[in-house]
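Read through the structure below, which is laid out as structure tokens, and then see the notes.
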Amino acid sequence: LAEIEAVTPWAELERTVAPFYPSSGGRGRPPIGLSRMLRMYVAQQCFGLSDEGIEDALYDSQAIRRFVGIDLSRESAPDATTLLNFRHLLESHQLTESIFNAINGHLAEKGLLLREGTIVDATLIAAPPSTKNKAGQRDPEMHQSKKGKQWHFGMKAHIGVDAQSGLVHTVIGTAGNVSDVTQAQALLHGDETDVFGDAGYQGVEKREGNLGS
């Protein structure tokens, strides 16, 4: 948490989100302060917690409460629904990408994202294959794909990682059947001297979009 605190450009993140965040004075309960919601969101992403999980963590962990800025002797912690609504606000205004880019830009300025080498890889993210839902069909943005001898239904996250620090600098989401090699060029920032990938990227240098790169 101390490292997250030190490397996150909080003021820049607040400036990015503030124009879209509701201010007090409307109907209903007043909104939680933007600074706290951003910190709760960042902590959730860094620890891979669900909305309910980060709410529980605020009550269970003094360190996380201190990081977010919650004093339970005076107030209750933001609940899972409040965070869900905040995430939906970020997604509806495409602010998650802006937050991601702001953090990576800050890391690069601090010399923590060295940008000399990139590791490219992809991972499958499962989605419910059942058609027993209101629409009566599978999510049209998901697709079936085969890895080894097993079939999977869902999407694929294509990721570019700084080879020196292990920090993610690029993420692209596609349907699960999109080949890893087709996204290789898009995962590079352009300043690399070395690029590393597994067998899924064989022949990448022969692809038309990569010739001369």
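A few comments on the model shown:
- Here, region 152-203 is characterised by an Rg to Rh ratio of 0.97, where Rg is the alpha-carbon radius of gyration and Rh the Kirkwood radius.
- By the helix-only formula, in which each DSSP H run with n ≥ 4 contributes -39500 (n - 2.57) and the sum is divided by residues, the chain has a 222 nm mean residue ellipticity of -10000 deg cm²/dmol.
- For the chain, with all protein chains in place and a probe radius of 1.4 Å, 50% of the accessible heavy-atom surface sits on carbon or sulfur.
- Two-decimal log10 I(q)/I(0) for region 1-98, as the Debye equation yields it once each C-alpha is a single scatterer, q = 0.23 Å⁻¹: -1.42
- More than 18 Å apart - percent of Cα-Cα pairs taken over region 30-79: 17
- Here the Kirkwood formula, the inverse mean of 1/r across different C-alpha pairs, assigns region 65-182 a hydrodynamic radius of 17.6 Å.
- Enclosing the Cα atoms of the chain in their convex hull gives a volume equal to 171 cubic angstrom per residue.
- The chain, accessible area per residue, ligands and nucleic acids excluded (1.4 Å, Å²): 61
- In percent, rounded to a whole number, the relative contact order of the chain is 16, using alpha-carbon pairs under 8 Å and six or more apart.
- Solvent exposure of Ile99, expressed as accessible area, is near 10 Å², computed with a probe of 1.4 Å over the protein chains only.
- A 1.4 Å probe over all protein chains sorts Ile32, Ile64 by accessible area into Ile32, Ile64, starting with the largest.
The values are calculated or read from the model by the stated rules, or taken from the named source; none is laboratory data. Source: prediction; values computed, not measured. In case anyone asks, the SASA skips ligands and DNA or RNA and just uses the protein heavy atoms, side chains included. Shrake-Rupley method; radii C 1.70, N 1.55, O 1.52, S 1.80 Å.
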